[in-house]
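Structure, as structure tokens:
The values are calculated or read from the model by the stated rules, or taken from the named source; none is laboratory data. Just so you know, these numbers come straight off a predicted model, no measurement behind them. Note that each Cβ is placed from the backbone with ideal geometry, even for glycine, and that neighbours are counted across all protein chains shown. Accessible surface areas use protein heavy atoms only, side chains included; no ligands, DNA or RNA. Shrake-Rupley method; radii C 1.70, N 1.55, O 1.52, S 1.80 Å.
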Amino acid sequence: MFRNVAELVELAVSQNKKISEIMIEQEAAVSGRSKEEVMALMERNLTVMEEAVERGIKGVTSHSGLTGGDAVLLQKYIEKGNFLTGETILDAVSKAVATNEVNAAMGTICATPTAGSAGVVPGTLFAVKKKLNPTREQMISFLFTAGAFGFVVANNASISGAAGGCQAEVGSAAGMAAAAIVEMAGGTPQQCAEAMAITLKNMLGLVCDPVAGLVEVPCVKRNAMGAANAMVAADMALAGITSRIPCDEVIDAMYKIGQSMPTALKETAQGGLAATPTGRALAAKIFGMPLKEK
Amino acid sequence: MKYRSVFDIIGPVMIGPSSSHTAGAARIGRVARSLFGREPKWANISLYGSFAKTYKGHGTDVAIVGGLLDFDTDDQRIIHALDIAKERGIKLNFIEEDAVTDHPNTARVMMGDHNGELELVGISIGGGKIEIIELNGFELKLSGNHPAILVVHNDRFGAIASVANTLAKYEINIGHMEVARKDVGKMALMTIEVDQNIDDQLLVELEQLPNILKVTKIVD
């Protein structure tokens with residue numbers, strides 16, 4: 001079983017395999033299932049992701065009314081063709097938003113690695129799908145590559161906002177997505193690790209400060225930017241840019257930053273955006289009472 | 001390593017909005033239900049840390065009750081768990097605790113009916129993954145990664161050996177085992193994680209062994 005990114009990359013390189021293959025083989029060994037069964041289980045998750053994006057693209061609204069409809073706005077904007085960045089990146093952003101809007105509306109999603117960060121991996125996957133025309137099997141492999149990097153983060157740091165802040169959730173998700181994009185685009189296992197490192201470095205310190213404790217504001221837009229970050233970092237890694245700080249050390253830094261982050265900024269709705277005048281007013285309106293002053 | 005499967009990372013499929021505060025909470029409730037073995041008549045649910053501060057927004061209370069009703073993380077009925085519990089006459093009480101716990105997402109579930117009670121403490125460690133850290137006053141560490149057998153027994157010599165022998169007879173391999181006790185010579189709890197699912201006949205046989213008081217299983 002690989003314990004860190006260095007071991008994961010080494011396994012892939014020494015056996016001349018992709019990261020996704022290493023993850024599939026490990027899962028089969030640990031679970032006692034065949035590779036085919038493991039692939040089938042992941043395809044079920046892929047289907048849930050597709051359905052969530054389709055639903056979100058058509059437009060949903062959460063019970064609180066705080067989020068919903070932004071994926072639709074962005075899709076319409078893309079159709080007009082006057083965008084400043086690029087179609088693939090905006091498509092990834094809109095599909096990440098779509099997934100998280102469905103999540104906020106208590107719809108069915110697949111956690112990747114968490115529900116609050118569930119938009120980034122599918123958002124980028126379905127956007128690069130248009131560009132790279134992958135087979136169904138390659139799309140499933142994308143999720144295994146993302147999973148392999150998430151597996152390392154979960155075991156060496158954290159994927160919980162309450163334990164490590166948003167950097168542990170959307171930060172991890174964005175790093176996972178960047179690595180998976182690189183593999184699908186034909187990059188090497190080492191380039192996957194570089195993309196993960198570049199992405200996560202730019203998410204370090206991000207706090208978890210949900211308004212009213214809801215997984216809505218700023219979570220949906222953090223997923224949007226997580227997707228954009230992943231896309232750009234993947235392109236940078238594919239261009240041959242490397243991270244001066246190795247991926248495992250970035251993950252370790254994320255863990256330590258999370259530990260030293262105050263509790264008010266770790267999913268307690270007591271600091272950051274949740275504690276702004278507007279954040280407090282929204283919370284009071286939603287719950288019909290003012291939140292306790294801290 | 002806390003996480004062993006890629007499906008802990010890409011998964012679970014679940015009802016939003018939070019894997020730790022909704023899906024994990026539902027799983028804590030469902031383990032409590034599984035150990036209790038039947039639907040409770042009442043439940044007192046204490047929430048600590050981030051759970052206590054944000055449970056309304058995340059539907060943590062709703063999800064734990066969904067688990068107590070035996071709903072899985074992707075069961076749409078979770079959304080209506082409080083109403084369903086009310087219809088079924090289950091009395092619920094939620095307590096926001098101020099105490100600081102080791103893990104920010106901690107829940108204590110006390111539940112029961114006229115035949116018995118159960119108290120369990122679970123933590124939700126991220127991405128929907130949970131651990132049970134206390135059961136009826138015994139400290140334990142139950143990852144939920146594998147099927148497990150919980151054996152309440154008298155703290156006497158030979159009790160552990162007899163259980164291990166019976167498992168060997170059924171050709172069941174022990175992956176992880178822990179013993180906790182409150183006082184020397186009093187009641188103790190064996191937590192045994194195994195590699196394959198467990199036959200009910202085995203549980204019956206274990207319960208008939210000397211010094212064994214109660215045997216329950218948790219299916220993978």
Among A:LYS221/B:LYS53; B:LYS2/B:LYS169; A:LYS17/A:LYS130; A:LYS256/B:LYS129; A:LYS130/B:LYS56; B:LYS53/B:LYS141, the pairs whose Cα-Cα distance exceeds 28 Å are B:LYS2/B:LYS169; A:LYS130/B:LYS56
Placing one equal point scatterer on each C-alpha of the stretch B:55-117 and summing with Debye, one gets log10 I(q)/I(0) at q = 0.13, 0.23, 0.25 Å⁻¹ equal to -0.40, -1.09, -1.20
List the pair-distance distribution P(r) of the stretch B:6-79, using every Cα-Cα distance, as the percent of pairs falling in each 5 Å bin from 0 up to the bin containing the longest distance, rounded to whole percents.
4, 18, 29, 23, 18, 7, 1, 0
With DSSP loop assignment and no more than 10 other C-beta atoms within 10 Å, the chymotrypsin sites (Phe, Trp or Tyr not before Pro) in the stretch B:119-172 are B:PHE157
Starting from the exponent 0.38 and prefactor 2.2 Å, build the expected Rg for the protein assembly as shown from its residue count and divide its actual Cα Rg by it.
0.98
Please work out the C-alpha center-to-center distance from the stretch A:89-141 to the stretch A:196-259 and express it in whole Å.
16
Under the classification rounded if a/c is under 1.5, otherwise prolate if a/b is larger than b/c and oblate if not, where does the stretch A:171-267 fall, given a ≥ b ≥ c as square roots of the Cα gyration tensor eigenvalues?
oblate
Shape verdict for the stretch A:208-251, please, from the Cα gyration tensor: rounded (a/c under 1.5), prolate (a/b greater than b/c) or oblate.
oblate
How large is the accessible surface of B:ASP70 in square angstrom, using a 1.4 angstrom probe and rounding to the nearest 10?
70
Could you run the Karplus curve 6.51 cos²θ - 1.76 cosθ + 1.60 with θ = phi - 60° over the stretch B:85-98 and give me ³J(HN,Hα) per residue in whole Hz, x for Gly and Pro?
4, 5, 4, 8, x, 8, 7, 10, 9, 10, 10, 8, 8, 8
Please give the FRET efficiency for B:GLN208 paired with A:ARG33, using the beta carbon to beta carbon distance and R0 = 35 Å, rounded to the nearest 0.05.
0.50
Over the alpha carbons of the stretch A:53-115, what is the largest minus smallest coordinate on each principal axis, giving the biggest first in Å?
33, 25, 17
Over all pairs of distinct alpha carbons, what does the Kirkwood formula give as the hydrodynamic radius of the stretch A:9-49, in Å?
10.9
Quick check of the Kirkwood formula: for the stretch A:1-103, what is the inverse mean of 1/r over all pairs of different Cα atoms, in Å?
16.5
If the only charges are +1 at each Lys and Arg Cβ and -1 at each Asp and Glu Cβ, what is the size of the charge dipole of the protein assembly as shown around the Cα centre, to the nearest 20 debye?
1020
Could you work out how far helix B:49-58 tilts from the main Cα principal axis of chain B, as a 0 to 90 degree angle to the nearest 10?
50
Please name which of A:GLY56, A:VAL211, A:SER260 has its Cα lying farthest along the dipole of the protein assembly as shown towards the positive end, using unit charges on Cβ (Lys, Arg +1; Asp, Glu -1) and the Cα centre as origin.
A:VAL211
Summed side-chain charge close to B:GLY126 - residues other than B:GLY126 whose Cβ falls under 15 Å, Lys, Arg +1, Asp, Glu -1:
0
When the Kirkwood radius is taken over all Cα pairs of chain A, what Stokes-Einstein diffusion coefficient follows at 10 °C and 1.306 mPa s, in µm²/s?
84
What accessible area per residue comes out for the stretch B:64-220, rounded to a whole number of Å², with a 1.4 Å probe?
50
Among A:ARG244, A:ARG33, what's the order by accessible area (1.4 angstrom probe), most exposed first?
A:ARG244, A:ARG33
Taking the Cα centre of the stretch B:157-220 as the origin and placing charges on Cβ (Lys, Arg +1; Asp, Glu -1), which of B:VAL219, B:MET177, B:GLN201 is farthest toward the positive end of the dipole?
B:MET177
At a 1.4 Å probe radius, carbon and sulfur cover how many percent of the accessible area of chain A?
55
Decide, for the stretch B:1-152, between rounded, prolate and oblate: order the square roots of the alpha carbon gyration tensor eigenvalues as a ≥ b ≥ c, take rounded if a/c falls under 1.5, and otherwise choose prolate if a/b is larger than b/c, else oblate.
rounded
Chain B - charge dipole about Cα centre, Lys and Arg +1 at Cβ, Asp and Glu -1, debye rounded to 20
240
In whole Hz, the Karplus estimates of ³J(HN,Hα) for the stretch A:3-20 (6.51, -1.76, 1.60; θ = phi - 60°; x where Gly or Pro) are 9, 8, 5, 4, 5, 4, 5, 4, 4, 5, 5, 5, 9, 6, 10, 8, 4, 4
Which value, in Å to one decimal place, does the Kirkwood hydrodynamic radius take for the stretch B:162-220 when every pair of different Cα atoms is included?
12.2
Could you work out [θ]222 nm for chain A from helices alone, using -39500 (n - 2.57) per DSSP H run of at least four and dividing by all its residues? Round to the nearest 500 deg cm²/dmol.
-20500 deg cm²/dmol
Between 0 and 90°, nearest 10: helix B:159-169 axis offset from chain B longest Cα axis
90
Surrounding net charge for A:VAL97, when Lys and Arg each add one and Asp and Glu each subtract one, Cβ distance under 9 Å:
0
Just to check I understand the Karplus step: with θ = phi - 60° and J = 6.51 cos²θ - 1.76 cosθ + 1.60, what whole-Hz values come out for the stretch A:149-163, glycine and proline as x?
6, x, 4, 5, 4, 4, 7, 10, 9, 6, 10, 10, x, 5, 9
Please work out, to two decimal places, the log10 of the ratio I(q)/I(0) at q = 0.18, 0.20 Å⁻¹ from a Debye calculation in which every Cα of the stretch B:68-220 carries one identical scatterer.
-1.23, -1.38
Suppose every K and R has +1 on its Cβ and every D and E has -1 on its Cβ; what is the size of the dipole of the stretch B:41-112 about the Cα centre, in Debye to the nearest 20?
260
For the pair A and B, total buried accessible area rounded to nearest 100 Å², probe 1.4 Å:
3300
Past the 14 angstrom mark, what percentage of all C-alpha to C-alpha distances in the stretch B:107-147 do you count?
51
